[in-house]
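Enquirer: Take a look at this one; I'll ask things after.
The values are calculated or read from the model by the stated rules, or taken from the named source; none is laboratory data. Remember, predicted model here, so these are calculated numbers, not experimental data. Cβ: placed from backbone, ideal geometry, glycine included. Neighbour counts: every protein chain shown.
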Amino acid sequence: MRFVVYYVSIMETYFGPEFFAGNRQKLRTLFAGTAPIVLTANGLLQRNGDVNFPFRQDSNFWYLTGIDEPDIVLVIDKDKEYLILPEREHVKDIFDGALESGLMAQVSGIANILDYKTGWKQLSSRLGRVKHVATLAAPASYIAGNGMYTNPARSTLINRLKEFSPSSELLDLRPQLIRQRMTKQPEELLAIQKAIDITSSSLIKANKKLSSYTHEYKLEADINHMFYDRGVGNAYQPIIASDKNACTLHYTVNSDVLSAKKLVLIDVGAEVQHYAADITRTFALEPPSKRVRTIYAAVLEVQEFAMSKLKPGVLIKDYEHAVEGFMGEKLRELGLLKSIDHDRVRKYYPHSVSHSLGLDVHDVFDYDRPLEPNMVLTVEPGIYIPKEKIGIRIEDDVLITSKGAQVLSNKLPRTLL
């Protein structure tokens, strides 16, 4: 059984073949080399037995092609471009359906689609005559910081390229694609805004009936239903964390009973045509105490301070440092600190305030470059006090404009109740 889940939005698509063709052309321009560019789609990953995990396309490959099939290879060679289909047994077509070359050409704008044998014969002939090949470097097979294994598709492609061209130097295209994807095009902004609007309206509806949920997972299920009812899915695994659970930043167990709890932190984001929203609200399950209201107000003040600092030309490291200092002042006012330094602040505020948002919920970004118009960031300060069983985070998505920052999630109130 091939298990592919891709929530096709019921709305009109924002992305035509011109979008993907334009991205390929810009990559050619940024690369500025004559070496062939060879990139791969993601491959399927085993879940157990002969069942795979739901398929999610490699974001860079989708950005250049719009294709949501595994194991396709894209070749851009000067003014030529073509796709190479994977080698498949006929029985796979029977079980999973045949690959539709015509549809791939229509979506991507790439007319030349070759079968596995023909495509690799053509590519290998070219590889034998070049000194360089441009591709995307393979990630480590295991990322210890995230505790996860990575998709082996890039490693497999690189090994194959080395077989055909062992003396060629491989050039890494990550800097060019990061540069492209950092600033969003109009189509991308429309998709992100739609994802934000669906997320915001779902949170508003959930908050109105908060007292009806008996468990975290029931709240999660209802938000999922609201997403699916709009023809979209989750950009990441939802976080539904009540009281002390919110002090675990990526809590995803979502199984605790909500009765007798004081707060629930909801960190969710819809995904519209591959583009993510990322929004967090902390709601009170009962009339909040003065202490809770004071902590919430402090987080809100930090968020407003952070938003006021966002504008073109700002370096993220300077911005983060300024927000950390302001957060330290709030933590001292709350009686959590006597003096402000990095380690003391990070005890209660252990994460960055912002990250890039786009095709990935933590989108690619060069944090050494200053901010520019049409970049999209989250702004998500939080205060976490395990001893008091309180975790409060407020997260919104903002667009950098020529004058500052526009809050894209401003339809969603930032209130406890």
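Enquirer: From Val4, Val73, Val107, which residue is of a type in the set (A, V, I, L, M, F, W, C) and modelled with pLDDT under 95?
Expert: So the residue among Val4, Val73, Val107 that is of a type in the set (A, V, I, L, M, F, W, C) and modelled with pLDDT under 95 is Val4.
Enquirer: Does Ile76 meet the test of being in a loop (DSSP other than H, G, I, E, B), in contact with a strand residue (DSSP E or B) (Cβ under 8 Å, 6 or more places away or on another chain) and either of a type in the set (Val, Ile, Thr) or under 23 Å from Gln273 (Cβ atoms) (or both)?
Expert: no
Enquirer: Search the stretch 162-173 for residues being surrounded by 18 or more Cβ atoms within 10 Å (Cβ to Cβ) and polar (S, T, N, Q), and hand back the single one that is modelled with the highest pLDDT.
Expert: The qualifying residue modelled with the highest pLDDT is Ser168.
Enquirer: Could you tell me which numbered condition Asp79 fails, if it satisfies all but one of (1) of a type in the set (Asp, Glu); (2) under 18 Å from Ile37 (Cα atoms); (3) crowded, with 18+ Cβ neighbours inside 10 Å?
Expert: (3)
Enquirer: Now a separate question. Restricting the first residue to the stretch 25-47 and requiring it to be in the same structural domain as Lys131 (by TED's automatic domain parsing), which pairs with a second residue that is surrounded by fewer than 22 Cβ atoms within 10 Å (Cβ to Cβ) and of a type in the set (Asp, Glu) meet a Cβ separation below 6 Å and a spacing of at least six or different chains?
Expert: Between residues of the stretch 25-47 that are in the same structural domain as Lys131 (by TED's automatic domain parsing) and residues that are surrounded by fewer than 22 Cβ atoms within 10 Å (Cβ to Cβ) and of a type in the set (Asp, Glu), the close pairs are Pro36/Asp77; Ala41/Asp58; Ala41/Asp71; Asn42/Asp58; Gly43/Asp71.
Enquirer: Identify, please: which residue in the stretch 120-139 is closer than 19 Å to Phe61 by Cβ and touching a Ser or Thr at 6+ places or on another chain (Cβ under 7 Å) and is, among those, surrounded by the most Cβ atoms within 10 Å (Cβ to Cβ)?
Expert: Checked the stretch 120-139; the qualifying residue surrounded by the most Cβ atoms within 10 Å (Cβ to Cβ) is Val133.
Enquirer: I'd like to know if the stretch 150-161 contains one or more residues that are part of a loop (DSSP other than H, G, I, E, B), modelled with pLDDT of 95 or more and either surrounded by fewer than 17 Cβ atoms within 10 Å (Cβ to Cβ) or in the same structural domain as Ile266 (by TED's automatic domain parsing) (or both).
Expert: Yes, the stretch 150-161 contains at least one residue that is part of a loop (DSSP other than H, G, I, E, B), modelled with pLDDT of 95 or more and either surrounded by fewer than 17 Cβ atoms within 10 Å (Cβ to Cβ) or in the same structural domain as Ile266 (by TED's automatic domain parsing) (or both).
Enquirer: Kindly check whether there is at least one residue in the stretch 257-268 that is hydroxyl-bearing (Ser, Thr, Tyr) and either surrounded by 15 or more Cβ atoms within 10 Å (Cβ to Cβ) or modelled with pLDDT of 95 or more (or both).
Expert: No.
Enquirer: Still on this model: Taking the condition of being over 27 Å from Phe95 (Cα atoms), modelled with pLDDT of 95 or more and surrounded by fewer than 16 Cβ atoms within 10 Å (Cβ to Cβ), how many residues in the stretch 29-55 meet it?
Expert: 2
Enquirer: Here are Arg230, Arg179: which of them is basic (Lys, Arg), in contact (Cβ under 8 Å) with a residue 60 or more places away in the chain and either surrounded by 21 or more Cβ atoms within 10 Å (Cβ to Cβ) or more than 30 Å from Ala35 (Cα to Cα) (or both)?
Expert: Only one candidate qualifies: Arg230.
Enquirer: Restricting to the stretch 56-73, and then to whatever is in a helix (DSSP H, G or I) and of a type in the set (S, T, N, Q), can you tell me which residue is surrounded by the fewest Cβ atoms within 10 Å (Cβ to Cβ)?
Expert: Across the stretch 56-73, the extreme among qualifying residues is Ser59.
Enquirer: A further question on this structure: Within the stretch 392-400, identify whether any single residue is out of contact with any helix residue (DSSP H, G or I) (no Cβ under 9 Å at 6 or more places or on another chain) and either at positive phi or surrounded by fewer than 13 Cβ atoms within 10 Å (Cβ to Cβ) (or both), and answer yes or no.
Expert: No - not one qualifying residue is present in the stretch 392-400.
Enquirer: Among the candidates Ala134, Ala138, which residue alone is farther than 20 Å from Leu85 by Cβ and part of a strand (DSSP E or B)?
Expert: From the options Ala134, Ala138, the qualifying one is Ala134.
Enquirer: As an exercise: evaluate Ile192 against (1) more than 22 Å from Pro70 (Cβ to Cβ); (2) touching a Pro at 6+ places or on another chain (Cβ under 9 Å); (3) surrounded by 16 or more Cβ atoms within 10 Å (Cβ to Cβ) and give the number of the one condition it does not meet.
Expert: (2)
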